[in-house]
């Protein structure tokens with residue numbers, strides 16, 4: 001972890017209070033082959049940990065699905081609407097969704113790496129020469145992720161053996177899940193990834209469902 005922070009941060013690095021991230025990429029709306037382009041704006045807070053992801057997934061010419069995914073006060077909420085009017089899905093307020101949201105925060109905290117410092121409440125434990133487990137508690141919700149580091153010392157991937165996967169109808173099932181990060185760039189003194197993807201690791205094989213480029217990140221510091 002010391003090597004990661006030495007690589008990701010520069011001496012005297014200020015702590016991130018807020019960040020706004022612009023994303024574009026593709027989203028798997030209907031497995032296994034129906035991908036659609038999306039654009040999103042994601043806002044992060046670090047004290048307490050929170051995020052708000054607002055995305056527009058282009059379903060058909062002139063039609064877009066608006067997806068809103070949040071973590072606030074330790075609770076997770078997600079909704080999807082067609083043309084911002086017709087509700088396609090809505091879920092939140094359950095322990096499973098709260099854990100999934102906090103795991104997402106930990107996974108994406110590589111974009112604002114000071115949020116992963118122990119002084120920010122993240123507890124680290126060793127797993128091996130190139131991996132460690134991060135655990136964070138906020139608003140009564142506790143979640144963990146396993147981080148694997150590349151030869152450059154930066155985060156290459158994150159993994160959860162039992163991330164809650166929504167099945168619809170208020171049902172979820174613990175499922176192995178992984179996110180990958182690459183193409184690090186220097187932003188305000190921090191080396192952060194500019195591209196990534198996430199996937200469910202199902203018995204029948206990997207199911208990638210999000211691929212994106214992080215085209216811009218704007219930070220506010222304490």
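Only the coordinates and a few stated rules stand behind these numbers; no lab work does. Quantities reported herein were computed from a predicted structural model and do not represent experimental measurements. No Cβ is skipped: glycine too gets one built from the backbone with ideal geometry, and neighbour counts run over all protein chains shown.
Normalised by 2.2 N^0.38 Å, where N is the number of residues, the alpha-carbon radius of gyration of the stretch 105-222 equals 1.11. Within the stretch 19-60, all pairs of alpha-carbon atoms sorted by distance into 5 Å bins from zero give the percentages 6, 22, 23, 18, 14, 11, 6, 2. Helix-only arithmetic for the chain: the sum of -39500 (n - 2.57) across DSSP H runs with n ≥ 4, divided by the residue total, places the mean residue ellipticity at 222 nm at -3000 deg cm²/dmol.
Normalised radius of gyration (Cα atoms, divided by 2.2 N^0.38 Å) for the stretch 2-215: 0.99.
Ratio of Rg to Rh for the stretch 155-204: 1.15 [Cα atoms; Kirkwood radius as inverse mean 1/r over pairs]. The length gained by stretching the chain between residue 207 and residue 135 to full extension, at 0.36 nm per residue less their Cα-Cα distance, is 23.4 nm.
Between residue 167 and residue 90, the simple label model (points 7 Å from Cα in the Cβ direction) yields a spacing of 2.4 nm. Residues of the stretch 8-28 falling in the label zone of residue 56, defined by backbone nitrogen less than 17 Å from a point 7 Å along Cα to beta-carbon, are 21-27. How much FRET efficiency would the formula 1/(1 + (r/R0)^6) give for residue 34 and residue 222, where r is the Cβ-Cβ distance and R0 is 45 Å, rounded to 0.05? That pair, residue 34 with residue 222, gives E of 0.60. Model label points for residue 20 and residue 142, set 7 angstrom from Cα along the Cα-to-Cβ axis, are 3.6 nm apart.
The angle between the Cα long axis of helix 95-108 and the longest principal axis of the Cα atoms of the chain comes to about 50 degrees, rounded to the nearest 10. Multiplying the residue separation of residue 63 and residue 185 by 0.36 nm and removing their Cα-Cα distance gives an extension gain of 40.6 nm.
For the stretch 6-127, the fraction of C-alpha pairs more than 26 angstrom apart is 30%.
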